[in-house]
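What follows is calculated from the coordinates using simple rules that are stated; it is not laboratory data. These figures come from a predicted structure and were not determined experimentally. Positions of Cβ are backbone-derived with ideal geometry, glycine not excepted, and every protein chain shown enters the neighbour counts.
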Amino acid sequence: MFKNAYFVKPTLAIVASLLGCSGMLQAQSLTLARLNRITELPKLPVAANRAEVTTGVATQPSTAVSYTQAVAASPATGAVYAVDCSTGYVTEASAEEYADAEAASAVSSNAVKVQRPLSPQTIGRPGKGPGEFDDPKGIVIDNLGNFYIADSGNNRIQKISPSGTFLLEFGKSGTGKEALSHPYGVALDKNGVVFVADTNNNRIVKYTSDGTYLSSFGEKGSGRGQLYFPQALTLDSAGNVYVADFANNRIQKFTNDGVFLTSWGEVGSKPGQFQYPSSVAIDSHERVWVTDLMNHRLEVFTEEGKFITTIGSFSQTAADATGFNFPRSVAFAPNGDLWLAQPGIHAVDRYRVSEGR
């Protein structure tokens, strides 16, 4: 089992109004129930002469969650992986779905710790060679289980097989059309096209799944379609691209080809405002969830940018289940559970999302 992984009673509930330009549209309640918190992940031995994947049980040597920059779920297996920039490892946080009935029982009674058998997977090691990572920042997993990892310090994207074998890399340090400069985010569309947040070059770059350059869009600035330190991105079911425009304190929405559609947000701490949006994810209802890093909260919007609700507030300690501490990355597993990386408390949390009207 994961050390320091435990279940707690639901404690975080935010009831808000869904507001539009004409006023109140409808009342909506969104509730997050924290199911477990992981503060240590398995760190399994890696061969000294080459990067490889190793698997085993979670009772083997582990490492504290340090600065998890991104979380992502496998669409095929539901396994959730965490990217730790301080260690250079990509580590499996869950191997399969929890049994819902058992988990619900544990949450409601707070009596037993329900854990299912695990076979965790750790990928890579620190370094600059194939299958090695330097300050990894982002991750996405395709329908076949292949990993695409934003190896930021090495200015490249690496593609790794489901078994952990290095497949290919693309990108090189620089500002040219096929170059990357500290890429943070990576995402896929339904056709397997790879979208990269080329953070220091202030643009989004598109590649085929084998690393062939296709196109790019965006440039440094604060105007429509311009970007300033974009850190993460995701796509909706129609293939539209949502970019966490970090230093511009907004979300921008583009077509799949990079045509600007709309944007929302500005600097501040009021509802709908941001202080450095660091990641963006879309749930099964096409709602847009944003980690508002310095405001220590999640904000939820419609796909057109209308504000729905704000969830969370600052929490100093890992024991406090009612708030957040520098929420960095949000992702949804296939079963709808929300996973949140919080480097401020060195933890990865898993929540059940409930709603009512």
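Annotations for the structure displayed:
- Amide H contacts of Gly323 (H built 1.01 Å from N, under 5 Å, at least 5 apart or other chain): none
- Between Leu144 and Ser269, full extension at 0.36 nm per residue minus the direct alpha carbon distance yields a gain of 41.0 nm.
- Convex hull (Cα only) mean projected area of the range 202-357, reported in nm² to one decimal: 9.7
- Part-to-part distance (alpha-carbon centres) for the range 203-220 and the range 253-296, which is given in Å: 21
- The string of couplings for the range 214-230 from the Karplus curve (6.51, -1.76, 1.60, θ = phi - 60°) is 10, 5, 8, 8, x, 7, 5, x, 10, x, 4, x, 8, 10, 9, 6, x Hz, one whole number per residue in order, with x for Gly and Pro.
- Extension gain (nm, one decimal) between Glu219 and Glu355, 0.36 nm per residue minus Cα-Cα: 45.1 nm
- A simple rule links phi to the HN-Hα coupling: the Karplus curve 6.51 cos²θ - 1.76 cosθ + 1.60 with θ = phi - 60°, which for the range 162-172 gives x, 8, x, 7, 5, 10, 6, 9, 8, x, 8 Hz, with x for Gly and Pro.
- Lys, Arg +1 and Asp, Glu -1 on Cβ, resulting dipole of the range 137-212 about Cα centre, debye, nearest 20: 140
- The range 126-131 - phi-based ³J(HN,Hα) in whole Hz, Karplus 6.51/-1.76/1.60, Gly and Pro as x: x, x, 10, x, x, x
- Computed from label points 7 Å out along Cα-Cβ, the spacing between Phe260 and Thr212 is 3.1 nm.
- Viscosity 0.692 mPa s, temperature 37 °C, Stokes-Einstein D of the range 118-243 from Kirkwood C-alpha radius, µm²/s: 226
- Overall, the anisotropy analysis places the range 192-291 in the oblate class: the square-rooted eigenvalues a ≥ b ≥ c of its C-alpha gyration tensor yield a/c not less than 1.5, with a/b not exceeding b/c.
- The gain in end-to-end length when the Glu304 to Asp236 segment is fully stretched comes to 23.3 nm, 0.36 nm per residue minus the alpha carbon separation.
- Descending by average beta-carbon neighbour count within 10 Å, the peptides 265-277, 238-250, 123-135 line up as 238-250, 123-135, 265-277, the highest first.
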